[in-house]
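Only one structure is covered here, and it is reproduced in the block below.
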Amino acid sequence: MAENQTVAQEYIDNAFTYETYREALDNLLSDEPTIISYDDSQLVDYTRLNVTRMQRIDKTNRLLDPLRVAGRAVNTSVYWLVLTEGWCGDAAQSIPIIAEAAQVSPKIELRFLLRDNNQDLMEQFLTNGSRSIPKLIMIDQKTNEVLGEWGPRPEELTALIPEFKKEVGEDKQQFSMKVQKWYNKDKGKAIMKDLQKLLETLK
């Protein structure tokens, strides 16, 4: 993260709420696309699967107490601006948890932007040169200064990625299955620990 990096106000002004994001995904799957529209039917299929994943996490996720404590201790008003797309499997696993964590503190205002509609912003927050999502950008509401970022995956999973790739080679489907299996076993704990650390940087 560059020192004193800022995000242009226009991005924040054009971002939408979590409720609007979830509604847009439902509209897409009902063949009534609004702010989200994919020409590729495979992307729509991925989105359908991811909506099911998010619905499951909505029902089962329980925030860890240390994350709740960190959220309640926040005394700086921030935006959590998330770059995402409905077809992204990593996003489906993390965004419901991000949304629940943001509700812990009135100081956190959660907003979303679609990666492919905001390429210039995405280019500011690459991961090893890649436009990987989801990417959470924590922004000071008064100055628009970037105070931290998270994504596209929890640190614990990121450390395992080279091993996963070594095991499956070029088989993208097998790689995706291993990643999703890890998420299912972890039950969001690693994401919550990362978000806790992100919030603790505000103290």
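The values are calculated or read from the model by the stated rules, or taken from the named source; none is laboratory data. What you see is a predicted model; the values in this text were computed from it and never measured. Neighbour counts are summed over all protein chains in view; Cβ atoms, including those assigned to glycine, are modelled from backbone coordinates with ideal geometry. Note: areas computed on protein heavy atoms with side chains; ligands, DNA, RNA excluded. Shrake-Rupley method; radii C 1.70, N 1.55, O 1.52, S 1.80 Å.
What the table shows:
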{"item": "Residue identified as farther than 18 Å from residue 20 by Cβ and under 15 Å from the mean Cα position of the chain (by Cα) among 72, 53", "result": "53"}
{"item": "Tally of residues being among the aliphatic types (A, V, I, L, M) and either within 14 Å of residue 108 (Cβ to Cβ) or in contact with a Cys (Cβ under 9 Å, 6 or more places away or on another chain) (or both) across the stretch 45-68", "result": "2"}
{"item": "Extreme residue, farthest from residue 84 (Cα to Cα), among residues of the stretch 148-186 that are modelled with pLDDT of 95 or more and in a loop (DSSP other than H, G, I, E, B)", "result": "154"}
{"item": "Lone unmet requirement of (1) without any contact (Cβ under 8 Å) to a residue 24 or more places away in the chain; (2) closer than 20 Å to residue 151 by Cα for residue 15", "result": "(1)"}
{"item": "Residue in the stretch 98-107 that is open to solvent by less than 20 Å² (accessible area, probe 1.4 Å), charged (D, E, K, R) and within 17 Å of residue 80 (Cβ to Cβ) present", "result": "no"}
{"item": "Matching option when the condition is within 22 Å of residue 44 (Cα to Cα) and not hydrophobic (A, V, I, L, M, F, W, C), among 130, 105, 94", "result": "94"}
{"item": "Pairs with Cβ under 9 Å, 6+ apart, first in the stretch 80-91 and farther than 17 Å from residue 137 by Cα, second among the basic types (Lys, Arg) and part of a strand (DSSP E or B)", "result": "none"}
{"item": "Pick from the stretch 68-88, criterion of a type outside the set (Val, Ile, Thr) and open to solvent by less than 20 Å² (accessible area, probe 1.4 Å), ranking: nearest to residue 24 (Cα to Cα)", "result": "86"}
{"item": "Helices (runs of 4 or more DSSP H) wholly inside the stretch 1-105 that include at least 1 residues being at pLDDT 95 or above and under 25 Å from residue 117 (Cβ atoms)", "result": "9-14, 18-29, 41-60, 89-102"}
